[in-house]
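Enquirer: Got a structure here, written out as structure tokens. Questions coming.
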Amino acid sequence: PSEVALFHLGSMDWLPNIEGVKWFLNTCWNNIHHRFPELKLYLAGRSFPEDIRNGVHPNTFCEGRIDNAHEYMLAKQIMIVPLLSGSGMRVKIIQGLALGRTIISTTIGAEGIDVEDKKNILIADTPEEFLSAVEFCMKDPEACRQIGMNGRKLAEEKYSNTAIGKALTAFYNGLK
């Protein structure tokens with residue numbers, strides 16, 4: 001079983017990731033840590049800014065570039081996606097869904113992905129909502145994991161190569 005810990009995985013040479021992680025650390029993490037002092041936050045990805053890498057946030061581990069994203073994600077249960085800006089579908093969310101990770105994302109982070117709050121993802125746009133989502137996961141680990149399993153089912157049904165292939169075939173057949 002995976003560790004009940006928070007993690008973020010994303011390239012830190014993309015401004016929305018830098019902005020989101022800094023916002024999370026500066027406005028959300030202290031309240032979450034105060035409520036759950038044993039909870040760990042892992043940060044990974046290439047090009048972490050020095051101020052985050054050398055930060056003084058308690059129980060936070062900045063691992064920088066990792067060799068195997070798949071293994072890294074499988075080792076931890078709760079993925080955070082605190083994006084405040086940016087566009088396009090977040091491939092890391094699709095990967096997290098496919099691996100059955102419980103994802104706590106801002107509305108902007110989940111844009112373009114057919115997810116439902118409290119069914120297959122947890123949506124949090126404020127520090128209070130992030131704390132509430134983490135509390136939900138910590139107080140009911142089984143319900144937390146179930147949201148991750150629901151996300152896995154969604155990824156298989158809508159975002160797997162098989163599902164995308166069927167949708168493309170149907171689209172092309174509709175052009176005749």
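The values are calculated or read from the model by the stated rules, or taken from the named source; none is laboratory data. Note that the structure is a prediction, hence the values are computed from the model and not measured. No Cβ is skipped: glycine too gets one built from the backbone with ideal geometry, and neighbour counts run over all protein chains shown. SASA here: full protein model, heavy atoms, side chains in, ligands and nucleic acids out. Shrake-Rupley method; radii C 1.70, N 1.55, O 1.52, S 1.80 Å.
Enquirer: Tell me, yes or no, whether region 108-124 has at least one residue that is in a helix (DSSP H, G or I) and at negative phi.
Expert: Looking through region 108-124, none of the residues is in a helix (DSSP H, G or I) and at negative phi.
Enquirer: Output the helices (runs of 4 or more DSSP H) that fall wholly within region 1-54 and possess 1 or more residues being open to solvent by 70 Å² or more (accessible area, probe 1.4 Å) and of a type in the set (S, T, N, Q), or say none.
Expert: It comes to 29-35.
Enquirer: Just checking, how many residues over region 55-82 are modelled with pLDDT of 95 or more, in a helix (DSSP H, G or I) and open to solvent by 40 Å² or more (accessible area, probe 1.4 Å)?
Expert: So the count comes out to 2.
Enquirer: Give me the pairs: first residue in region 100-126 and of a type in the set (Gly, Ala, Ser), second residue assigned to a strand (DSSP E or B), beta-carbon distance under 7 Å, and six or more apart or on different chains, which are they?
Expert: So the pair list comes out as SER105/VAL81; SER105/ILE121; SER105/ILE123; GLY109/VAL81; ALA110/ILE121; ALA110/ILE123; ALA124/ILE104.
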